[in-house]
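In what follows, a single structure is set out as structure tokens and then discussed.
The values are calculated or read from the model by the stated rules, or taken from the named source; none is laboratory data. What you are looking at is a predicted structure, and each value in this text was computed from that prediction instead of being measured. Cβ atoms come from the backbone with ideal geometry, glycine included; neighbour counts cover every protein chain shown.
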Amino acid sequence: MDSVLRRHSDNYPQLLSSSKRAAHKVVAKKRKLLVDWVTDIMEMEKLTDYTCNPDYVAAWSKLMAYQGAFMRIVKNPNIPPKIQIDVFGEINVAHLHDRGKIVQEAFDMKMRITAYWDIVLRRLVDCMALHLNFSVQNLVNKDMEVEFINEAMGPEGNGVKRMLEESPSVAKKRRRLMSSIKLLKESKDVVDDIMDRIVTDVD
């Protein structure tokens with residue numbers, strides 16, 4: 001951002017410092033708002049598991065299709081205690097024998113959470129992309145302008161006067177230029193004097 005501001009302030013160096021301060025303030029505010037927004041989103045997700053996305057039911061049903069085989073292994077210690085389930089890979093259920101009803105409820109809950117979490121992640125990515133795009137548009141078209149004017153004007157409206165004051169580097173260049181002009185004038189006077197003498201001598 002600094003490089004963009006510098007490029008657009010080439011012809012107005014007195015505005016560069018105030019525009020950079022304004023940009024940094026706006027970005028800091030936007031960053032805090034974004035963090036607060038993400039925190040609110042996560043709190044909402046923790047509060048209730050809601051979605052109208054049909055992919056949730058499809059994903060949950062696909063995972064629940066393993067429940068029958070899973071429960072048979074849990075209830076029968078004579079069957080090898082391992083099962084392959086999509087997303088989870090191979091699972092050893094030997095420690096779950098003789099816990100039938102609790103295991104069945106836990107299996108259902110785990111599959112619901114797994115299917116729902118995939119929806120949550122996609123929802124977060126979509127919302128974040130839209131929110132960032134919207135925030136950047138507002139930053140460029142609204143927030144930056146307001147903050148820049150506030151920064152340029154200053155707290156008591158004396159910012160413009162401050163900008164009109166010469167910076168040390170500009171003052172130094174001006175003194176050099178004035179010195180050069182004075183030297184040129186003196187040189188011109190000397191040359192004029194010499195030329196006058198030459199003309200007088202010739203006459």
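Points to keep in mind about this one:
- Scanning the stretch 42-65 for residues that are free of Cβ contacts under 8 Å to residues at least 24 places away in the same chain and touching a strand residue (DSSP E or B) at 6+ places or on another chain (Cβ under 8 Å) turns up nothing.
- No other residue among Asp40, Asp10 is of a type outside the set (Lys, Arg), at pLDDT below 80 and in the same structural domain as Glu147 (by TED's automatic domain parsing) apart from Asp10.
- Test for Glu156: is it surrounded by 11 or more Cβ atoms within 10 Å (Cβ to Cβ), within 30 Å of Ser19 (Cα to Cα) and at pLDDT below 90: no
- Where Arg122 falls short, out of the listed (1) outside the structural domain of Ala59 (by TED's automatic domain parsing); (2) modelled with pLDDT of 80 or more; (3) of a type in the set (D, E, K, R): (1)
- Breaking point among (1) farther than 24 Å from Ser19 by Cβ; (2) surrounded by 10 or more Cβ atoms within 10 Å (Cβ to Cβ); (3) modelled with pLDDT of 85 or more, for His95: (2)
- Filter result (of a type in the set (D, E, K, R) and loosely packed, with under 15 Cβ neighbours inside 10 Å) within the stretch 31-76: Arg31, Lys32, Asp36, Asp40, Glu43, Lys46, Asp49, Asp55, Lys62, Arg72
- Among the residues of the stretch 114-153, those identified as without any contact (Cβ under 8 Å) to a residue 24 or more places away in the chain, more than 30 Å from Ser17 (Cβ to Cβ) and of a type in the set (A, V, I, L, M, F, W, C) are Trp117, Leu121, Val125, Ala129, Leu130.
- Test result for His131, exposed (fewer than 15 other Cβ atoms within 10 Å of the Cβ), assigned by TED's automatic domain parsing to the domain that holds Asp40 and in a helix (DSSP H, G or I): no
- Selected residue (criterion: nearest to Ala69 (Cα to Cα)) from residues of the stretch 107-152 that are among the acidic types (Asp, Glu) and more than 24 Å from the chain's Cα centre (by Cα): Asp108
- Going through (1) modelled with pLDDT under 90; (2) in contact with a Leu (Cβ under 8 Å, 6 or more places away or on another chain) one by one, Gly100 falls short only on (2).
- Looking at Lys188, Lys172, just one residue is outside the structural domain of Arg31 (by TED's automatic domain parsing), surrounded by 11 or more Cβ atoms within 10 Å (Cβ to Cβ) and at pLDDT 75 or above, and that residue is Lys172.
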